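The values are calculated or read from the model by the stated rules, or taken from the named source; none is laboratory data. Only a predicted model underlies this, so the values are computations on that prediction, with no experimental measurement involved. Here the Cβ is made from the backbone with ideal geometry for all residues, glycine too, and neighbour counts use every protein chain on show.
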Amino acid sequence: MSASLAARRALAALLAAGALIGAAALPAAADDYRREHRSARSSIAIGDVQHDGPGRYDRSSRALNREWVEVKNSGRRSVNLRGFTLTDRDGNRYRFGDFRLDGRSSVRVHTGQGRDTHHDVYWNRRHKVWDERDTVTLRDNRGNVVDTESWGGRESRNRG
């Protein structure tokens, strides 16, 4: 066998191996792109969080309503939040009913009791939910994490 024939065969084997590795990596890379692209496209996110409202906590609904999580829609179009959830580290969960969040607006989810409006909704709980060190997770109606926010520790804001 000549040296050039051996070199061509070695080059062909190397190219074939590279093509196999590239083909195997393609589905994973495409999946990562979809996941990142989906998160980047979402106009819904957690805004501000008031986990320990000002004033004395006396277990009244008024005191509980000083504790809230804001959900923002940065897009132009309204989004129905039906089935979206907010959860904390302890597993407490608020589920949105049929609620349409207008484009470029926000809604505050208050812990206590009250009358729902376009900008404020109420969880109707009788005890605080958000601790000094906690994490709020926003999921869409399919259970996909849309956004998280942590406070009170060395945790940082996580998007995804």
Next item on the list: Of all residues in segment 61-91, count the ones that are hydroxyl-bearing (Ser, Thr, Tyr) and either closer than 20 Å to Ser105 by Cβ or free of Cβ contacts under 8 Å to residues at least 24 places away in the same chain (or both).
Entry: 3
Checklist line | Which numbered condition Thr87 fails, given (1) at pLDDT below 90; (2) within 26 Å of Gly153 (Cα to Cα); (3) among the polar types (S, T, N, Q); (4) out of contact with any Gly (no Cβ under 6 Å at 6 or more places or on another chain) | finding: (1)
